[in-house]
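This report concerns only the one structure given below.
The values are calculated or read from the model by the stated rules, or taken from the named source; none is laboratory data. Source: prediction; values computed, not measured. A quick note on method: Cβ atoms are made from the backbone with ideal geometry, for glycine too, and the neighbour counts reach across all protein chains shown. Ligands, DNA and RNA are stripped out before the accessible areas are found, and what is left, the full protein with its side chains, is counted by its heavy atoms. Shrake-Rupley method; radii C 1.70, N 1.55, O 1.52, S 1.80 Å.
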Amino acid sequence: MKKIGLLSDTHGWWDDKYVKYFSECDEIWHAGDIGSEALALDLAGIKPLRAVFGNIDGYPLRRQFPKVAHFKVEDVNVMMTHIGGYPGRYEPSIRAELYDTKPQLFISGHSHILKVMFDKNLNCLHINPGAAGISGFQQVRTLVRFVIDKSDIKDLEVIELNNKSE
């Protein structure tokens with residue numbers, strides 16, 4: 001059983017609440033637009049970090065993290081990318097790869113909109129954790145935590161951080 005802390009679109013913004021909410025997790029996943037190497041290092045200092053680069057991330061982060069990550073946790077195949085869309089509206093540049101690999105869990109960021117949706121066609125759960133940083137139009141910053149237990153994805157929690165003005 002693995003407890004996962006998931007965030008996206010930090011745009012270099014550090015919040016001490018990342019430590020509070022992710023310290024009990026086994027891994028932290030970042031779905032792109034990390035924003036700085038320092039932030040990636042700080043997150044990796046909490047728990048092991050898996051990440052993909054986003055469209056604002058520069059060369060050092062693009063060298064360290066892939067555009068698309070495929071990995072297995074417990075018995076769940078995961079695909080993670082920054083710009084991925086969502087069921088019924090997948091990003092054309094990743095659609096073929098998504099349908100070819102058929103992960104049980106598809107993670108993306110970019111939209112700054114928290115979404116958790118099940119794709120019946122792919123038999124796949126899609127999670128976009130929204131945005132954890134202060135850049136963008138989102139009114140509430142969000143994180144997600146969940147558990148992968150063998151082939152089950154369960155105990156999903158949405159954590160709302162303070163609004164952008166605080």
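Some points to look at:
- Karplus 3J(HN,Hα) series, Hz, for the stretch 40-57 with 6.51 cos²θ - 1.76 cosθ + 1.60 (x for Gly, Pro): 4, 5, 5, 5, 5, x, 7, 8, x, 10, 10, 8, 10, 7, x, 5, 8, 6
- Taking all protein chains into account, the per residue accessible area for the chain stands at 47 Å² (1.4 Å probe).
- Spatial separation of Cα centroids for the stretch 66-106 and the stretch 18-41, in angstrom: 20 Å
- Amide H to amide H distances under 5 Å link His110 with Asp9, where only residues 5 or more positions off or on other chains count and H is placed in the peptide plane.
- Taken one residue at a time, the phi angles of the stretch 11-27 give Karplus couplings (6.51, -1.76, 1.60, θ = phi - 60°) of 6, x, 7, 9, 9, 4, 5, 4, 5, 4, 8, 9, 5, 8, 7, 8, 9 Hz. Gly and Pro are set to x.
- In straight-distance terms, cross-link reach from Lys20 covers every one of the aspartates and glutamates whose alpha-carbon lies under 19 Å from its own, apart from those fewer than eight places away in the same chain; here that gives Asp9, Asp42, Asp155, Glu157, Glu160, Glu166.
- Taking trypsin sites (Lys or Arg not before Pro) in DSSP loop conformation with at most 10 other Cβ atoms inside 10 Å as exposed sites, the chain has its longest uninterrupted site-free stretch at 1-119.
- Whichever lysines have a C-alpha closer than 23 Å to that of Lys102, once near sequence neighbours (fewer than 8 apart) are set aside: Lys2, Lys3, Lys67, Lys72, Lys115, Lys120, Lys150, Lys154
- Helical content of the chain, expressed as a calculated mean residue ellipticity at 222 nm, amounts to -4500 deg cm²/dmol (DSSP H runs of 4 or more residues, -39,500 (n - 2.57) each, divided by residue number, nearest 500).
- Only Lys, Arg (+1) and Asp, Glu (-1) charged, at Cβ; the chain dipole about Cα centre in debye: 300 debye
- Applying the criteria of a DSSP loop state and at most 16 other Cβ atoms within 10 Å to the GluC sites (Glu not before Pro) of the stretch 1-89 yields Glu24, Glu74.
- Apportionment of accessible area to carbon and sulfur, the stretch 10-74, percent (1.4 Å): 51 percent
- Interchain or long-range residues, amide H under 5 Å from Asn77's placed H: Gln104, Leu105
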